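S.K.: Quick one: structure below, then a few questions.
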Amino acid sequence: MMRLIARAMLAMCLAVVAGLNAQAQTKPKVTSLGPDFPKAALFVGNSFFYYNNGMPGHLSFMERAADAENKAAYRNTMATIGGSGLDWHDMDNLLRPGGLGAYSFDDQNNVVFNKPGKQYDAVVMMDCSQCPIHPQLKDAFTTFASKDSEIVRAHGMRPVFFMSWAYADKPEMTEALAEAYTSAGNANDALVIPAGLAFARVRKIQPELNLYAPDKRHPSPAGTYLATCVTLAALTGRSPVGNSYTMGLDAPTVELLQKAAWDTVQDYYGR
């Protein structure tokens, strides 16, 4: 009996290590949106985006800090439904002329009316946290990843996929999610933001830093900041290291998360 228990514990430990060291087996084909990097993006997804006052809003602050001369050009909008997959969103309706993005707010909280026409350079899409790897939902992910990419391009914008992270108690999700998102990106000639791989990296190098809310799925403030740093690096090509926007986190944590995000993006894109 003791031998069986020991074997079971060893198997569990190996599963955790494998999850924290995971990488997508398939390599991404699209590794940059440059030289014409997007400055305005629509984020379509769920509560993983809107937790902690919204990751896209934090991204705007970070982008403006990185490129102060052009800060007025950076803006991000999120269209989110809690628990949603891509199949819950009507992409064509979201991108209709005169709809989302017709106006925004500047850093002085003034309403700014944007020029009519195309409001976003890129649309960043995330499926539900399990959908891309769930036996009954993964086909819908593949279908809507393709359908929505076509709709985004028809509106003159670029599709991007946001690779979500494993649950705190299910690190083995990392590799499967990385593979699913990378494959979807390759199938649709779209960039993939490797946020899930950054979560795994930080959990490996500093496991005591909590990236999760108490439910073990949603991000803590540190988790949202890490996702923001990865998104900055992927969308703009700029390193988050040294960025002055900290989301109120302490300096050592900011330094660790900024570097982990940049290293993850460099490794994933093979630079």
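The values are calculated or read from the model by the stated rules, or taken from the named source; none is laboratory data. From a predicted model like this one, the values you see are computed outputs, not experimental measurements. So basically every Cβ, Gly included, is an ideal-geometry build from the backbone, and we count neighbours across all protein chains shown. With ligands, DNA and RNA removed, areas are computed over all heavy atoms of the protein, side chains included. Shrake-Rupley method; radii C 1.70, N 1.55, O 1.52, S 1.80 Å.
S.K.: When the residues of region 87-97 are filtered to those that are part of a loop (DSSP other than H, G, I, E, B) and not basic (Lys, Arg), which remaining residue is surrounded by the most Cβ atoms within 10 Å (Cβ to Cβ)? Step through it out loud before you land on a result.
M.R.: Applying the first criterion (part of a loop (DSSP other than H, G, I, E, B)) to region 87-97 yields 89-90, 95-97.
Going one step further and asking which of them are not basic (Lys, Arg), we end up with 89-90, 95, 97.
Numbers: HIS89: 19, ASP90: 12, LEU95: 24, PRO97: 10.
Of everything passing the filter in region 87-97, LEU95 is surrounded by the most Cβ atoms within 10 Å (Cβ to Cβ).
S.K.: Anything in region 65-86 that is basic (Lys, Arg) and surrounded by fewer than 18 Cβ atoms within 10 Å (Cβ to Cβ)? List them, or say none. First the steps, then the outcome.
M.R.: Kept after step one, since they are basic (Lys, Arg), are these residues of region 65-86: 71, 75.
Correct list: LYS71 only.
S.K.: As an exercise: evaluate GLU172 against (1) in contact with a helix residue (DSSP H, G or I) (Cβ under 6 Å, 6 or more places away or on another chain); (2) surrounded by fewer than 21 Cβ atoms within 10 Å (Cβ to Cβ); (3) under 24 Å from TRP88 (Cβ atoms) and give the number of the one condition it does not meet.
M.R.: Answer for GLU172: the failing condition is (3).
S.K.: Identify all residues within region 122-133 that are assigned to a loop (DSSP other than H, G, I, E, B), of a type outside the set (A, V, I, L, M, F, W, C) and open to solvent by less than 50 Å² (accessible area, probe 1.4 Å); write none if there are none. Walk me through it before giving the result.
M.R.: At the first step, the residues of region 122-133 found to be assigned to a loop (DSSP other than H, G, I, E, B) are 126-130.
Filter once more, keeping what is of a type outside the set (A, V, I, L, M, F, W, C): 127, 129-130.
Those that are assigned to a loop (DSSP other than H, G, I, E, B), of a type outside the set (A, V, I, L, M, F, W, C) and open to solvent by less than 50 Å² (accessible area, probe 1.4 Å): ASP127, SER129.
S.K.: Show the residue pairs that are 6+ apart or on different chains and have beta-carbon atoms under 6 Å apart, the first residue being within region 55-72 and basic (Lys, Arg), the second being open to solvent by 70 Å² or more (accessible area, probe 1.4 Å) and at pLDDT below 95.
M.R.: Every condition considered, the pairs that remain are ARG64/LYS71.
S.K.: Name, by its number, the condition in (1) in contact (Cβ under 8 Å) with a residue 12 or more places away in the chain; (2) open to solvent by 20 Å² or more (accessible area, probe 1.4 Å) that does not hold for VAL152.
M.R.: Condition not satisfied by VAL152: (2).
S.K.: Same structure, new question: Can SER149 be described as assigned to a loop (DSSP other than H, G, I, E, B), hydroxyl-bearing (Ser, Thr, Tyr) and at pLDDT 95 or above? Outline the logic, then answer.
M.R.: Details: assigned to a loop (DSSP other than H, G, I, E, B): no; hydroxyl-bearing (Ser, Thr, Tyr): yes; at pLDDT 95 or above: yes.
Spelling it out, it is not the case that SER149 is assigned to a loop (DSSP other than H, G, I, E, B), hydroxyl-bearing (Ser, Thr, Tyr) and at pLDDT 95 or above.
S.K.: Any idea how many residues of region 214-271 are under 30 Å from THR26 (Cα atoms), open to solvent by 40 Å² or more (accessible area, probe 1.4 Å) and in a loop (DSSP other than H, G, I, E, B)?
M.R.: The number of residues fulfilling the criteria is 7.
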